[in-house]
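As structure tokens, the structure follows; a few thoughts come after it.
The values are calculated or read from the model by the stated rules, or taken from the named source; none is laboratory data. Treat the numbers as computed from the prediction; the structure is a model and nothing was measured. Here Cβ is always computed from backbone atoms with ideal geometry, including for glycine, and neighbour counts include all displayed protein chains. Surface accessibility is based on the protein's heavy atoms, side chains included, excluding ligands, DNA and RNA. Shrake-Rupley method; radii C 1.70, N 1.55, O 1.52, S 1.80 Å.
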Amino acid sequence: MSRRKLVAGNWKMHGTSVDLAEVTAISIGAKTAGADVALCLPATLIERAVRSAPGFAIGGQDVHAAEKGAHTGCVSAAMLSDAGAKLTIVGHSERREAHGETDTEVKAKAEAGLAAGLDVILCVGETDAIREAGRAIETVSAQLDASLPGSISNAPSFSVAYEPIWAIGTGKVPSIEDIAEMHAALRGRLRNAFGNAGDSVRILYGGSVKASNAADIFGVSDVDGALVGGASLKAADFLPIVEAASLGSN
Ligand code: PEP
């Protein structure tokens, strides 16, 4: 089944007004891309980025599960949408680890994002200890099962990002065989959960994706794009990855 690739950048806690020029440059490069492109920015930049790059998909990096309430420092899906965001990441390992987010909370966040009309990228991934113990597939499959939204009405608006924690920001990348094995397993879990619609969900790979390894990764069956951290901060680093996805798109 053919799925248009998605390359999403995650700026994490990087970016102030001076960096809006990079957003604009990336949005211009993305206009002619043969893949979907998005940037998930710090909440403080979203509205200005939307103005700087009209029509380009800007997203958040997290969302609260509740619509509103006494949640100091948090942002709701409706607030992201009101700022002009089109998507959000949920369940990034840095939030699961540093903020103790559970699968149940991540599932609620994914459901809140979709209910508010945002596209959602749901992250899963194993530690190096789990991979070394030979339990990566079973662990990540169980994490996905427990984090998935109860239903998806429009499968292309929902994506899963497989991000091995040991590969994030380290320069280490799993073998092509290991990526293929994990993505095939996750495709199976998505089919179990959503039937035929599970075939339309995009499964992104994330973890030290760069221009030099992107084409090989995009060539793997069931890799439908990438979630990119460090290499998404500069147009000069990010656009070659977008280009590789464009060439690798069906
Ligand atoms: C990420 O944070 O989602 C990520 C994949 O980071 P990096 O590309 O820097 O490894």
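Tabulated results
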read-out: DSSP-loop GluC sites (Glu not before Pro) across region 41-148, with at most 15 other Cβ within 10 angstrom; value: Glu67
read-out: Of Val228, Val90, Val173, the one that fluctuates the most in a GNM where the chain has Cα springs shorter than 10 Å; value: Val173
read-out: Projected area averaged over orientations for region 68-128, convex hull of C-alpha atoms, nm²; value: 4.5
read-out: Accessible area per residue, Å², the chain with all protein chains present, probe 1.4 Å; value: 43
read-out: Taking the convex hull of Cα positions in region 1-76, its mean projected area over all directions (nm²); value: 6.4
read-out: Equivalent-ellipsoid semi-axes of region 93-250, from the Cα gyration tensor, Å, largest first; value: 23, 19, 16
read-out: Qualifying lysines (Cα of each under 24 Å from Cα of Lys68; at least 8 residues distant if same chain); value: Lys12, Lys86, Lys107, Lys109
read-out: Span from the region 133-188 Cα centroid across to the region 38-89 one, whole angstrom; value: 24
read-out: Around Ala21: net Lys/Arg minus Asp/Glu count, Cβ-Cβ under 15 Å; value: 0
